[in-house]
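Below: the structure, in structure tokens.
The values are calculated or read from the model by the stated rules, or taken from the named source; none is laboratory data. Please read all numbers here as calculations on a predicted model, not as lab measurements. Positions of Cβ are generated from backbone atoms using ideal geometry, with glycine treated the same way; all protein chains shown enter the neighbour counts.
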Amino acid sequence: MKADLPLSRRSFLRTSGIAASWVMAKMPLSLVDGLKIVRDNSNAIIEPLRERATRKGLLYGAAASFTQLRNDAPFRSHYTKECGILVPEFELKWSTLRPSKTVFNFKLSDWLLSFAQSNAMLFRGHTLVWHEDLPEWFHKTANKTNTQSLMEKHITTVVGHYAGKVHSWDVVNEPILPWQGQPGGLRNTPWLKFLGPEYIKTAFHIAAEADPKAILVLNQNHLEYENDGASACRKALLALLEKLTASKTPIHALGTQAHLIGNNRSLDHRKYCTFLNDVASLGLKIIVTELDVSDQHLPYNIPRRDSIVAETYSDFLTAVLQEPALIAILTWGLSDKYTWLSRYAPRADGFPVRPLLLDTQYQRKLAWTAVSGAFEKK
Ligand code: G3I
């Protein structure tokens, strides 16, 4: 049995980035700073995130796509080991589900549901009403008179198709954008344009009718940091949630997306925790729905970059794990090989981004250690 690592070795591991990831992945270690390792005869097995989260009374999972899980066997194996809940990155959006006004194509999302079920994972739906990823035919045909029936048909058919099989649905995604100047800080979307502010309440009622068992979620971005935009978002969102709960809308949880920026030191724990607590006081649960940390503007040096990303995960989780209403944490992807940030927040130096918990070879990074360590903290 390898002796416990000396303290100096542990601090070396913590600060040496890539060396730490390499060493942790290769060496059977008995104990490294909060990583409890269950030893077997041949290799050390580092307990996966889904089990660590469960011990904390939480769910851990990640967004993934049909192509990634069906075509990439090594990714599939790491994904099933680490994740206890699956959310499709694209396959439940209008652009995939609705090739035409009359056709619903559940082929890919059905495959993902059965993949989740056969790997003892829960399944979450993302997303029913959003301003992005709407197919061309929607933009060409939607108007004041038909949008209500378009929304009703979509939600009833999709939620009904998966009734009883979905842990939670992002019913309305990103409805708040105060700096557009709309009343209530609502984002200017086709839904608001054709249906007015009531579209949000209506969407939740239709979803609840179609699946009374699913947790119904309002999913929002731009909530975490301390800047004019985020505080305006939190203020407008809280007012909206107060109105929805006061009018007995069947909404059960807030999804806070948590797309974080490495080195952004403006997460004010007290203000963010107060906001989450105010939301919880309305009787709502909290789900961290799309956690990742962009390293777009971080130094090239990989050990340095990885440790800043890890510190950002750790800092955020230290705050959010204080909220008793928190029920799940999902990262928006599991491996750097598959992250939307490669396209949406690429590095100026052209080097691959490293925002997630596993690197492109599925080795656990310091970010993985940060998340697993956060689950271990009492
Ligand atoms: O699959 C097609 C491919 O066949 C085609 O050649 C290519 C041409 O551009 O497009 C591919 O589809 C792209 C899809 O990602 C798969 O890569 C879409 O264009 C692209 O718009 C889509 O972007 C996704 C975006 O949502 C819009 O759906 C991102 O990957 C996805 O990470 C992002 O996720 C959103 C959440 O749903 C909501 N919160 C914010 C988050 C990040 O924007």
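Being more than 17 Å from the chain's Cα centre (by Cα) and under 21 Å from ASP295 (Cα atoms) is the filter here; which residues of the stretch 230-261 pass it?
Selection gives ALA230 alone.
If you go through the stretch 67-80, how many residues are among the aromatic types (Phe, Trp, Tyr) and either surrounded by fewer than 23 Cβ atoms within 10 Å (Cβ to Cβ) or free of Cβ contacts under 8 Å to residues at least 40 places away in the same chain (or both)?
1
Go through the stretch 170-193 and give me each residue that's within 13 Å of the ligand (Cβ to nearest atom) and in a helix (DSSP H, G or I).
none
Somewhere in the stretch 136-145, is a residue away from the ligand (no atom under 16 Å from the Cβ), of a type in the set (Phe, Trp, Tyr) and modelled with pLDDT under 95?
no
Regarding the stretch 45-64, can at least one residue be identified that is within 14 Å of the ligand (Cβ to nearest atom), of a type outside the set (Ser, Thr, Tyr) and either closer than 16 Å to PHE375 by Cα or more than 19 Å from the chain's Cα centre (by Cα) (or both)?
Yes, the stretch 45-64 has at least one match.
Name the helices (runs of 4 or more DSSP H) wholly inside the stretch 81-154 in which the number of residues that are buried (at least 16 other Cβ atoms within 10 Å of the Cβ) is 3 or more.
94-97, 107-118
With respect to GLU224, determine if the residue is under 21 Å from the mean Cα position of the chain (by Cα), under 15 Å from HIS126 (Cβ atoms) and crowded, with 18+ Cβ neighbours inside 10 Å.
No, not satisfied.
Pick out the one residue from ILE206, ILE286 that is over 14 Å from ILE176 (Cβ atoms), away from the ligand (no atom under 16 Å from the Cβ) and assigned to a helix (DSSP H, G or I).
Matching residue, one of ILE206, ILE286: ILE206.
Considering each residue of the stretch 91-100, count those that are near the ligand (Cβ under 8 Å from one of its atoms) and in contact with a strand residue (DSSP E or B) (Cβ under 9 Å, 6 or more places away or on another chain), and give that number.
Summing the residues that are near the ligand (Cβ under 8 Å from one of its atoms) and in contact with a strand residue (DSSP E or B) (Cβ under 9 Å, 6 or more places away or on another chain) in the stretch 91-100 gives 1.
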